[in-house]
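> Before I ask anything, let me first share the structure, which is written out below as structure tokens.
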Amino acid sequence: MARTLKTYQTSLGFFDLAVAAPSMKAALEAWGADSNLFHQGAAKQSEDPNVIAATMAAPGVVLKRPVGSSGPFKEHAELPTNLAGDEISKKAGSSSERGEPQKHPTLAKDKVVDRKAALAFEKEQMRRERERAKEEAAQRKERERRQKAVDKVRSALDAAGREHEKIASDIQAQLEALEERSQAEEVRWEKEKARLEAALRRARGYG
């Protein structure tokens, strides 16, 4: 069942933000806040009829206006033209005071309007969730692609290592066989040498 929406307001960076949401938690998620701005005193439920009317017209959509200004909230707001803003704010405030009071649109309180606003919020929330899911799927696909590339190179490295070990082992075996042959040849030669030297002595008549 769709929940009744409330308007919440905060300031982040160069903008005041406002959103119609069913709870403070939902508002923080919509703002992308990584801490509880309400506990910190940096966010509140708005009682301004103009702000409430603007957010209820676009439930779930984060509306902005230059920080410190009293202009209307919009989905796409321009950066403040004067970050100090003292003179502009004073002039804007004085002209607003001199002018006719703004007419606040009547806020519908009946259940039908509340339900429509709540459903619109849920629709916007679902749109954001679809976009987030799409981004996460793309990131997951990229991670899988990179992991496959890493696994392929690692597999080739392991195969090359095994081939190297086999070749090194064969070379070592050949070296050991040559060493054995060398030692056997030394033994054979010493025996043959001794036999021939004895024969030489006998031939010379010394034997």
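The values are calculated or read from the model by the stated rules, or taken from the named source; none is laboratory data. All figures in this text were calculated on a predicted structure; none of them were measured in a lab. Note that each Cβ is placed from the backbone with ideal geometry, even for glycine, and that neighbours are counted across all protein chains shown. All accessible areas refer to the heavy atoms of the entire protein, side chains included, with ligands and DNA or RNA removed. Shrake-Rupley method; radii C 1.70, N 1.55, O 1.52, S 1.80 Å.
> If only one of Leu37, Leu17 is more than 18 Å from Glu122 (Cβ to Cβ) and touching a helix residue (DSSP H, G or I) at 6+ places or on another chain (Cβ under 6 Å), which one is it?
Leu17
> Among the residues of region 1-15, how many are surrounded by fewer than 18 Cβ atoms within 10 Å (Cβ to Cβ) and assigned to a strand (DSSP E or B)?
Filtering region 1-15 down to residues surrounded by fewer than 18 Cβ atoms within 10 Å (Cβ to Cβ) leaves 1-4, 11-14.
Next, from what is left, pick out any that are assigned to a strand (DSSP E or B): 11-12.
Residues meeting the conditions: 2.
> Taking Ala18 and the conditions (1) closer than 18 Å to Val67 by Cα; (2) of a type in the set (A, V, I, L, M, F, W, C); (3) open to solvent by 30 Å² or more (accessible area, probe 1.4 Å), which numbered condition does it fall short on, given that it satisfies the others?
(3)
> Sticking with this structure for a sec: For region 60-77, what are the residues that are in contact (Cβ under 8 Å) with a residue 40 or more places away in the chain, part of a loop (DSSP other than H, G, I, E, B) and closer than 20 Å to Lys123 by Cα? So that I can check it myself, show each step before the final result.
Taking region 60-77 as the starting set, the residues that turn out to be in contact (Cβ under 8 Å) with a residue 40 or more places away in the chain are 60-69, 73, 77.
When the remaining residues are screened for being part of a loop (DSSP other than H, G, I, E, B), the result is 60-62, 67-69, 73, 77.
Result: Gly60, Val61, Val62.
> Also, I was wondering about something else. Within region 31-59, which residues are in contact with a Lys or Arg (Cβ under 9 Å, 6 or more places away or on another chain), without any contact (Cβ under 8 Å) to a residue 40 or more places away in the chain and assigned to a helix (DSSP H, G or I)?
Hit for region 31-59 is Ala54, nothing else.
> Go through Arg154, Arg195, Arg204, Arg132 for me and flag whichever is open to solvent by 100 Å² or more (accessible area, probe 1.4 Å) and modelled with pLDDT of 90 or more.
Arg195
> Would it be correct to say that Arg130 is closer than 30 Å to Leu28 by Cβ and of a type in the set (D, E, K, R)?
yes
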